[in-house]
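Beneath this line is the structure, given in structure tokens, with notes to follow.
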Amino acid sequence: MKLPAPPTEKSFPSPLHHPRVATVIGRWLAVAVTICFLTGLYSHFAQDTPSWLPIPSRPASLYRVTQGLHVLSGTVAVPLLLAKLWTVYPKLFAKPPWPPSRKALATMLERASILVLVSAMALELFIGFINTLQWYPWPFPFRQTHYALAWIIVGALLVHLAVKLPLIRANWRRTAEKVPDSLPPAITGLTRRGLFRTVAGAATLVGITSVGQSVPAFGPVAVLAPRKPNIGPQGLPVNRTAEAAGVTGIDENWRFMITGPQQLSYALDELRALPQSRSELPIACVEGWSQGARWEGIRIRDLLELSGAPAHSRVRVVSMEKGGFYATSELPPDFAADPLTLLALRLNGGELALDHGFPARVIAPNRPGVLQSKWVHRLEVIS
Amino acid sequence: MKTRIGLAVAGVGVGLWGLWLLLSALELPALIRLPIWLGGAVVADDFFLVPLTVGVGWLFVRWSAGPDRHRTVGAVRTTLLYVGITSLIAVPLLLRQGKGTNSTVLARDYLRDWLLLEATIIVTGIAGYFFTLRRSRASSGDIGGR
């Protein structure tokens, strides 16, 4: 018995495997990738701020928007990437160039660049989505790999654009559509416009059913999102619980300290007796979920003033949590001086729940949730 | 040509920067295993998901050539595709249901929600089918429905 011949580029009769279709879906994918890359870069620098980059503390909800967009654009890119791969799928079966020549070498290099692009992008979207579930089944560190792959994707994408530029230009505007004789599109076959509508519909559907973790209005229909913004103690989700952080609460000897020009120390009741301020600020996490909340506590700038430090001081925030990357965090001067930045004692009208950082936590505008240290017991003025 | 060369040079530079980041941030065991995962991602896409779509599409075109199928073909195709893509994204959520790191992660009943979502897509598909059917009959004057 003879095995069936492997497919060739000609084995795929659909006229939708066409450069015009690839160009249109490629443009959509490029928009998603660009948004995802830029917002990801912003998130990276917000978490790990280099000294040359001043990140402003306003607008207060900026990080909420950029990180929501990051996860949304990444999720929406899944159907777009699949549609793009479907369109160009016959190319996978194109004959390898032979005999060796300069042109053959160029073709092989181009294919290698596409292998890099497709593998990096598919893995990037996969680990990005799985990370929003806080699930890490892979044997490499998530954050570093996700960041490095992003640069590799952008590099491979630029090479891809360089190779395909003439084809993209030729198909930038609508080109004549070949209609198969046997299956008039009005009856069964899908037209290009029909395909574009279907793909756009799929992307929209995925977006609507997942964006609710960042946009509470869509929370009830966020059936494809790992978070619902109002689920959690005091109506706010939690990333790291007190139990996971090894924090069990405080005893009556607990004192809060500020080390600045003057050393100050307060019992919890003394903190409560200081002038209290209110801030409406969101918790916005790197996993894309966010939720606004009402916080009450002492302005960090007021505490700095009490200790004799200028409002624009760099402040190290020390938590009682054990282990983890963020047992200490740093408040840059603009954030320490912002009147919205609090050492919060209360949340949504009640005392902070232990999982939200009882007895005291930092809450500042435009910051990734992971830097909003909980269970704070010391502030150190660095400069 | 200048634009293309510029793009290619920039692309190689940016890609190498990413590679350097990878090499400097990952330990050797992770660096050895990463290509396996990258390969796995290609296999999942190019040798499972896309062939599945192509195969279903091929069966679908054959089926749709049958008598009187032209009325349902659009609605069935779109419904199948939307059920497929939403189910794909639901897979990790269904797998991890109840296994979140704390009670506020994956707090939904994802099985119920996924079934509801698919049911909604199918019902919308059926409604869309009857809507287009009525419209096409009205426009062709075939109001009797014969």
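The values are calculated or read from the model by the stated rules, or taken from the named source; none is laboratory data. Only a predicted model underlies this, so the values are computations on that prediction, with no experimental measurement involved. All Cβ positions, even for glycine, are placed from backbone atoms using ideal geometry, and neighbour counts span all protein chains on display. With ligands, DNA and RNA removed, areas are computed over all heavy atoms of the protein, side chains included. Shrake-Rupley method; radii C 1.70, N 1.55, O 1.52, S 1.80 Å.
Taking A:Ile152 and the conditions (1) over 30 Å from A:Ile283 (Cβ atoms); (2) of a type outside the set (Gly, Ala, Ser); (3) open to solvent by 40 Å² or more (accessible area, probe 1.4 Å); (4) at the interface with chain B (Cβ under 9 Å from one of its Cβ atoms), which numbered condition does it fall short on, given that it satisfies the others?
(3)
State yes or no: is A:Leu3 free of Cβ contacts under 8 Å to residues at least 40 places away in the same chain, hydrophobic (A, V, I, L, M, F, W, C) and not assigned by TED's automatic domain parsing to the domain that holds A:Arg143?
So A:Leu3 fits the description; yes.
Could you list all residues from segment B:29-80 that are under 16 Å from A:Leu16 (Cα atoms) and surrounded by 13 or more Cβ atoms within 10 Å (Cβ to Cβ)? Walk me through it before giving the result.
Here is the first cut: in segment B:29-80, the ones under 16 Å from A:Leu16 (Cα atoms) are B:50-51, B:53-58, B:60-61, B:74, B:77-78.
Of everything in segment B:29-80, those that are under 16 Å from A:Leu16 (Cα atoms) and surrounded by 13 or more Cβ atoms within 10 Å (Cβ to Cβ) turn out to be B:Val50, B:Pro51, B:Thr53, B:Val54, B:Val56, B:Gly57, B:Trp58, B:Phe60, B:Val61, B:Gly74, B:Arg77, B:Thr78.
Step by step: first the residues of segment A:287-302, then only those that are touching a helix residue (DSSP H, G or I) at 6+ places or on another chain (Cβ under 7 Å) and open to solvent by less than 50 Å² (accessible area, probe 1.4 Å), then the one that is nearest to A:Phe358 (Cα to Cα). Which residue is that?
A:Ile298
Anything in segment A:156-175 that is away from chain B (no Cβ under 11 Å) and not aliphatic (A, V, I, L, M)? List them, or say none.
Within segment A:156-175, A:Asn171, A:Trp172, A:Arg173, A:Arg174, A:Thr175 meet the criteria.
Considering only segment B:1-85, give the helices (runs of 4 or more DSSP H) lying wholly within it that have at least 1 residues that are touching a Cys at 6+ places or on another chain (Cβ under 9 Å) and within 8 Å of chain A (Cβ to nearest Cβ).
none
State all residues of segment A:197-243 that are in a loop (DSSP other than H, G, I, E, B), of a type in the set (Val, Ile, Thr) and more than 10 Å from chain B (Cβ to nearest Cβ); if no residue qualifies, say none. Walk me through how you get there before you give the answer.
First, the residues of segment A:197-243 that are in a loop (DSSP other than H, G, I, E, B): A:209-210, A:214-215, A:222-232, A:236-241.
In the following step, the residues that additionally are of a type in the set (Val, Ile, Thr) were identified as A:209, A:215, A:223, A:231, A:238, A:241.
Of everything in segment A:197-243, just one residue is in a loop (DSSP other than H, G, I, E, B), of a type in the set (Val, Ile, Thr) and more than 10 Å from chain B (Cβ to nearest Cβ), namely A:Val215.
Restricting to strands (runs of 3 or more DSSP E) lying wholly in segment A:273-383: which have 1 or more residues that are within 25 Å of A:Gln213 (Cβ to Cβ) and over 24 Å from the mean Cα position of the chain (by Cα)?
Strands (runs of 3 or more DSSP E) meeting the threshold: A:277-284, A:290-299, A:342-347.
Report, by residue number, each residue of segment A:112-128 that is open to solvent by 40 Å² or more (accessible area, probe 1.4 Å) and facing chain B (nearest Cβ under 8 Å).
A:Leu115, A:Val116, A:Phe126
Looking only at segment A:48-57, how many residues end up being surrounded by fewer than 19 Cβ atoms within 10 Å (Cβ to Cβ) and in contact (Cβ under 8 Å) with a residue 40 or more places away in the chain?
4
Can you confirm whether A:Phe256 is in contact with a helix residue (DSSP H, G or I) (Cβ under 9 Å, 6 or more places away or on another chain) and open to solvent by 30 Å² or more (accessible area, probe 1.4 Å)?
no
Looking at A:Asn131 and the list (1) more than 9 Å from chain B (Cβ to nearest Cβ); (2) of a type outside the set (A, V, I, L, M); (3) surrounded by 14 or more Cβ atoms within 10 Å (Cβ to Cβ); (4) in contact with a Ser or Thr (Cβ under 7 Å, 6 or more places away or on another chain), which single condition is not satisfied?
(4)
Would you be able to tell me the number of residues in segment B:80-117 that are more than 22 Å from the chain's Cα centre (by Cα) and among the hydroxyl-bearing types (Ser, Thr, Tyr)?
3
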